[in-house]
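Novice: Provided herewith is a single structure, encoded as structure tokens, for subsequent inquiry.
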Number of protein chains: 2
Amino acid sequence: MFIPAIEGQGTEEQKRKWLPMAYKMQIIGCYAQTELGHGSNVQGLETTATFDPETDEFVIHSPTLTSSKWWPGGLGKASTHAVVYARLRTNGQDYGVQAFIIQLRSLDDHSPLPGITVGDIGMKFGSGAYNSMDNGFLRFDHVRILRNQMLMRVSQVTREGKYVQSDVPRQLLYGTMVSVRQIIVSESSCALSRAVCIATRYSAVRRQFGSQNGGPETQVINYKTQQSRLFPLLASAYAFRFAGEWLKWLYTDVTKRLKANDFSTLPEVHACTAGLKSITTSATADAIEECRKLCGGHGYLSCSGLPELFAVYIPNCTFEGDNIVLLLQVARILMKTVAQLASGKKPVGTTAYLGRVEHLMQCHCEVRRAEDWLKPSVILEAFEVRAARMSVSCAQTLSGFSNPEDGFADISSDLVEAAVAHCQLIIVSKFIEKLQQEIPGKGVKTQLENLCNVYALSLLHKHLGDFLSTGCISPEQGALANEQLRLLYSLVRPNAVSLVDAFNHTDHYLGSVLGRFDGNVYQKLYDEAWKSPLNDTYVPDGYHEYIRPLLKQQIHTARL
Amino acid sequence: MFIPAIEGQGTEEQKRKWLPMAYKMQIIGCYAQTELGHGSNVQGLETTATFDPETDEFVIHSPTLTSSKWWPGGLGKASTHAVVYARLRTNGQDYGVQAFIIQLRSLDDHSPLPGITVGDIGMKFGSGAYNSMDNGFLRFDHVRILRNQMLMRVSQVTREGKYVQSDVPRQLLYGTMVSVRQIIVSESSCALSRAVCIATRYSAVRRQFGSQNGGPETQVINYKTQQSRLFPLLASAYAFRFAGEWLKWLYTDVTKRLKANDFSTLPEVHACTAGLKSITTSATADAIEECRKLCGGHGYLSCSGLPELFAVYIPNCTFEGDNIVLLLQVARILMKTVAQLASGKKPVGTTAYLGRVEHLMQCHCEVRRAEDWLKPSVILEAFEVRAARMSVSCAQTLSGFSNPEDGFADISSDLVEAAVAHCQLIIVSKFIEKLQQEIPGKGVKTQLENLCNVYALSLLHKHLGDFLSTGCISPEQGALANEQLRLLYSLVRPNAVSLVDAFNHTDHYLGSVLGRFDGNVYQKLYDEAWKSPLNDTYVPDGYHEYIRPLLKQQIHTARL
């Protein structure tokens, strides 16, 4: 019944679904969880909701500065209501964090209600981006709400102030989180595809060096240095898309199961969405900036579209679970899975490969020639071996600690790397699975196979230390993978522009002069420059005040 | 005699030096080299300067759209004059790119002179950053200037239109480039130290998770995941500072030599400044964004200072030589050096280690225990072996090509990696050299030694693939390095805040609420939020126009 904000950054689907309901309800709502001092650790929230049995009300209060709600989108100026997360207190006991619907502003004149202090938290990264979203702060001074404003599906407070848990399984609470993270993965592919589309098209337009006999210079997309930076990102955009499609299927599946009270796949779904959210958003954030650099100086212009795309994208690495915190959650599940192997428990889903751990700890990569790296089974096994050995190595180190939590903290960097290896394996395997299906369109499958290989082998090159240190491949096999990668770049090159055209982004949606479909970049850059308000006049504002006195050596009267 | 712009992004030193001269000359000048279609390839510039012997003038012209000058700072609205780079044409021949002083605007009323089209190129990355610099475009329509407006120290055109080269050595032209790049390296340390200072102080203030028995949560700086991301950047800030100091000495030395017509060290100086400019600016740009992420959600607020620091810093990766182009130049020098080894030519300066190539191709790392990695000689040799073997490997591959240029293009990604390995060796070795000197202050040397080891071993971990694939170290030795790195983080932790305080940045200079010296972060974040213009009123502008009709279900009259 709530929309994040009327200016909403929500998906089209969310808007279609919630906007009409919000209209009907005549409210604008937001989701107020994060506090000034509390983000990742939801259980550490400080806002209190103390039940008063005399009046049958909750008293909502912000006891400290750090308990101020901070960041909720649309809160600062627009929202009339909020779902507020606060610590439930009743009968002198703390029952942890619960949710309450609270009206913040008058529906008559929009002024904040008594006891409510609310406002905008100020400017954010970029010249646009989230600056059009009034992320807000919110403080309560003993605000009283009715008991039935607590969301009571899972936990209830009775008229007498007794805390009762319903029989609704608490696991259902994960549903929303899983849903949101799954959407973020799909959207990472979308954001990345925009950046890659801009950089690829412009790299085909831009020429530099290599002019022979007065001919045109070389298109920068023909340089291997450009290809080795750009094509792995192009491949990632496709890889994340297929991972997102699969995750959507997984979410649909788990939703059905949850409705039937089957929670068996929930840990797996939780690990997949958390891990893939983390690695796809981190990779996409870095990739957008890399695409900007690949566009040279002109990428720094706002009209390239890339600065704004970056500024609006990067919060994905922090919100809905900080990316490092999420990887540690994945690592925890991996460690648990490895520990349970001894007891004969068979891992399922994306951790199923750990069930073959004995084989994976011993097997040898059979690559002898560069083209051996084109076999999906070879790639898949290399990634499985790497991931399995890194997890097992962490588990072995952990077993040397008397206190497992101390051990977990001590080697947490290694655990993060093991989680990354696991998540990259998922994406590689889902790309390979996709290619085992029917792919319509003549020659399309071959192109996608090239991209799949580029994705896997460029990861192998980037994380060569992992693959070599686990003895998963030999240095010679690593060199062959690199050789094969160079050949793959040559195969991708002729189709690179088509492969980004296939994303089917309109010029309007791309919002980039450099990424124009027609390639008419220079004329449009020039036209765009003229639109700068600074060019409304030839002589700038302030000339008489600042520049002229300087030039006329009347420095003391200049306002510099 | 020129300053980049009155709003100048120039260093304090530049301003002190040039501003009074500019005042005296009653002009504002800029440096107009880059064109819309030509950046890295200066020899490809299209603007023409055609000598007309009848009038003893040059005719300056922009023959194409891509020949428009584009990017010069201060050009758009402020400059009255520019040093313009254009192709010299005389007697029907093209003599390549030369420099000309050209007046652009009237000194009476600042209007552009006849034949001159000039303006601002529009918005750039960030909400501030280079948006206060009127980067401009400039086109010439057959603008006539006097012959003596050509800068004729190196090349001259006589009254008759004859092109003559002076006996001034052309190598002198490199002087400015070397000087500017050396300054960029020093400034990278400064920018990085600001970001690291903010992230380190805030990581000590911010607490999240780990509360036991109702006590305070854990400072995030105590998490190994935070340390493993932050401390290598802290170490880099120190490493780049010492590299910058050394480069300044090298520049002073080469300047003396150039004055005495000794060009022997110029290639070495050119390689060092190009390579170090590239790797320090790339690392710093990435590090600023990493520091922002290390500050969690609040790092995304403008008042954290990090978004602006990032936006204003990243052009360093592109200007004064694109970072990849520069690394390819370093690689070229490395390949030349390796090729000359056979003829017995002894490499000098920072390539001297290649003179011991036979030893470096065969030697084995002697690390047996983690603490062996603390020996400077062990670290140095590991980095030398890695760099030497990567260069030799590239040289061997190149020798298999019948056309060396084809080979260079084909393996350019590998060459870039070899150049990075070489440049990282320089920084590691200069850090080690610094620590062989007297370091004043009790215990300071120990702290710097820890940082030096963190810098080197974190690079080793990051580029483990290089070290393992060249057989420079074994997987076990790599694991020992990682183990030692974890121990080093524990040693750095208690001094981390002091180590950033030592940069001595004032709160005013840092411009960051999160990086405040007094650590009073939350109160100041709250105070800062109230300064948002959106908080001038409780009910926002536009409420009656947009929000109220929505709430009152008068959607058709709402202007949404």
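Taken together, the values in this text are just the output of simple stated rules run on the coordinates, not laboratory data. Everything quoted here is computed from the prediction, not taken from an experiment. No Cβ is skipped: glycine too gets one built from the backbone with ideal geometry, and neighbour counts run over all protein chains shown.
Novice: Return the inverse of the average 1/r over all pairs of distinct C-alpha atoms in the range B:400-483, which is the Kirkwood hydrodynamic radius, in Å to one decimal.
Specialist: Across the range B:400-483, the inverse of the average 1/r is 15.2 Å.
Novice: Can you tell me how much longer the chain between A:D406 and A:D167 gets when fully stretched, taken as 0.36 nm per residue apart minus their C-alpha distance, in nm with one decimal?
Specialist: Gain on extension, A:D406 to A:D167, equals 82.5 nm.
Novice: Hey, another quick one. Using Cα-Cα distances under 8 Å and only pairs 6 or more residues apart, what relative contact order does the range B:447-506 have, in percent?
Specialist: 44 percent
Novice: From the alpha carbon gyration tensor of chain B, can you work out the equivalent ellipsoid semi-axes (sqrt of 5 times each eigenvalue) and give them in Å, largest to smallest?
Specialist: Semi-axis lengths for chain B are 43, 39, 21 Å.
Novice: Taking R0 as 35 Å, what FRET efficiency do you get between A:D52 and A:M177 from their Cβ-Cβ distance, rounded to the nearest 0.05?
Specialist: Once the sixth-power term is evaluated, E becomes 0.65.
Novice: What does the convex hull of the Cα atoms of the range A:289-344 come to per residue, in Å³, rounded to a whole number?
Specialist: Measuring per residue, one finds 96 Å³ for the Cα hull of the range A:289-344.
Novice: What relative contact order, as a whole-number percentage, does chain A give when Cα pairs under 8 Å and 6 or more residues apart are counted?
Specialist: So the answer I get is 12 percent.
Novice: Ok, one more. Need the C-alpha centroid separation for the range B:83-143 versus the range B:257-303, integer Å.
Specialist: Taking the Cα centre of the range B:257-303 as reference, the centre of the range B:83-143 is 28 Å away.
Novice: Using Cβ contacts closer than 10 Å as the measure, can you line up A:H81, B:H508 from fewest to most?
Specialist: B:H508, A:H81
Novice: In vacuum, with every alpha carbon of the range B:126-166 counted as one equal point scatterer, what does the Debye formula give for log10 I(q)/I(0) at q = 0.26 Å⁻¹? Two decimals, please.
Specialist: -0.93
Novice: Count, for each residue of B:298-308, the Cβ atoms from other chains sitting within 10 Å of its Cβ, then give me the mean as a whole number.
Specialist: Mean inter-chain Cβ contacts per residue within 10 Å come to 5.
Novice: Under Stokes-Einstein, with the Kirkwood radius over Cα pairs standing in for Rh, what whole-number D in µm²/s applies to the range B:313-366 at 10 °C and 1.306 mPa s?
Specialist: Value of D from the Cα-based Kirkwood radius: 120 µm²/s.
Novice: Based on other C-beta atoms within 10 Å, arrange B:S399, B:S179 from fewest to most.
Specialist: With the sparsest Cβ surroundings first, the list reads B:S399, B:S179.
Novice: Let me ask something additional. With the convex hull built on the Cα atoms of the range B:451-544, state its orientation-averaged projected area in nm².
Specialist: Projected area, direction-averaged: 11.0 nm².
Novice: Ratio of the protein assembly as shown's C-alpha Rg to 2.2 N^0.38 Å, to two decimals?
Specialist: 0.98
Novice: Across bins of 10 angstrom width beginning at 0, how are the C-alpha pair distances of the range B:30-131 distributed, in whole percent?
Specialist: Distribution as computed: 15, 44, 31, 8, 2, 0 percent.
Novice: Across 5 Å bins from the origin, how do the percents of Cα pairs in the range A:144-219 run, short distances first?
Specialist: Once binned at 5 Å, the Cα pair distances of the range A:144-219 give 3, 11, 10, 9, 8, 7, 7, 6, 6, 5, 5, 5, 4, 4, 4, 3, 1, 1, 0.
Novice: Now, a different point. Does the range B:112-247 come out rounded, prolate or oblate by the C-alpha gyration tensor, with a ≥ b ≥ c the root eigenvalues, rounded set by a/c under 1.5 and, if not, prolate when a/b is larger than b/c and oblate if not?
Specialist: Cα axes put the range B:112-247 in the oblate bin.
Novice: Averaged across orientations, what area in nm² does the convex hull of the alpha carbons in the range A:90-192 project?
Specialist: The directionally averaged projection comes out at 10.3 nm².
Novice: Taking N as the number of residues in the range A:340-398, what is its alpha-carbon radius of gyration divided by 2.2 N^0.38 Å?
Specialist: Relative to the rule-of-thumb radius for its length, the range A:340-398 sits at 1.25.
Novice: How many angstrom lie between the C-alpha centres of the range B:487-560 and the range A:497-547?
Specialist: 31 Å
Novice: Could I ask something else about it? Assuming R0 = 51 Å, can you tell me the calculated FRET efficiency for the pair A:H508 and B:A342, based on Cβ-Cβ distance, to the nearest 0.05?
Specialist: 0.30
Novice: Take A:V338, A:V513 and order them by how many other Cβ atoms sit within 10 Å, fewest up front.
Specialist: A:V338, A:V513
Novice: Counting helices only, and only those DSSP H runs with n ≥ 4, report the 222 nm mean residue ellipticity of chain B as the sum of -39,500 (n - 2.57) divided by its residues, in deg cm²/dmol to the nearest 500.
Specialist: -15500 deg cm²/dmol
Novice: So, one more: Run down the lysines and flag those whose C-alpha is under 21 Å from the C-alpha of A:K259, throwing out any fewer than 8 positions away in its chain.
Specialist: A:K17, A:K248
Novice: Considering only DSSP states other than H, G, I, E and B, which chymotrypsin sites (Phe, Trp or Tyr not before Pro) in the range B:489-533 qualify as loop sites with at most 14 other Cβ atoms within 10 Å?
Specialist: The qualifying sites are B:F517.
Novice: Which value, in Å to one decimal place, does the Kirkwood hydrodynamic radius take for the range A:181-334 when every pair of different Cα atoms is included?
Specialist: Mean inverse Cα-Cα distance, inverted, gives 17.0 Å.
Novice: Enter the mean projected area of the convex hull around the alpha-carbon atoms of the range A:23-78, in nm², rounded to one decimal.
Specialist: Result: a mean projected hull area of 5.4 nm².
Novice: Would you mind checking the radius of gyration and Dmax of the range B:248-324 based on alpha-carbon positions, in Å?
Specialist: 17.5, 56
Novice: Label-point separation (nm) for B:A352 and B:R332, each offset 7 Å from Cα along Cα-to-Cβ?
Specialist: Computed distance between label sites B:A352 and B:R332 equals 2.7 nm.
Novice: Given C-alpha coordinates of the range B:295-393, what is the ratio Rg to Rh with the Kirkwood estimate of Rh?
Specialist: That ratio is 1.18, to two decimals.
Novice: Can you report the principal axis dimensions of the range B:347-435 using only the alpha carbons, biggest first, rounded to whole angstrom?
Specialist: 46, 26, 22
Novice: Which value, in debye to the nearest 20, gives the size of the charge dipole of chain B about its Cα centre, when Lys and Arg are +1 and Asp and Glu are -1 at the Cβ?
Specialist: About 820 debye.
Novice: For B:G96, what charge total do you get from the other residues with a beta carbon under 13 Å from its beta carbon, if Lys and Arg give +1 and Asp and Glu give -1?
Specialist: Around B:G96, the surrounding residues sum to +1.
Novice: Next question, about the same structure. Tell me the label-point distance for the pair A:R144, A:E371, using the 7 Å Cα-to-Cβ offset, in nm and rounded to one decimal.
Specialist: It is 8.3 nm.
Novice: Which FRET efficiency, nearest 0.05, do B:Q212 and A:Q553 yield, Cβ-Cβ r, R0 60 Å?
Specialist: E between B:Q212 and A:Q553, to the nearest 0.05, is 0.30.
Novice: Follow-up question, since we're still on this one. DSSP beta bridges in the range B:38-92, what fraction antiparallel, as a percent rounded to 5?
Specialist: Of the beta bridges lying entirely in the range B:38-92, close to 60 percent run antiparallel.
Novice: What number comes out for the charge environment of B:S413, summing +1 per Lys or Arg and -1 per Asp or Glu over other residues with Cβ under 10 Å away?
Specialist: 0
Novice: Taking only complete DSSP H runs, can you tell me which helices of chain A stretch 24 Å or more along their own long axis by Cα positions and average at least 1.0 on the Kyte-Doolittle scale?
Specialist: In chain A, the long hydrophobic H runs are A:323-341.
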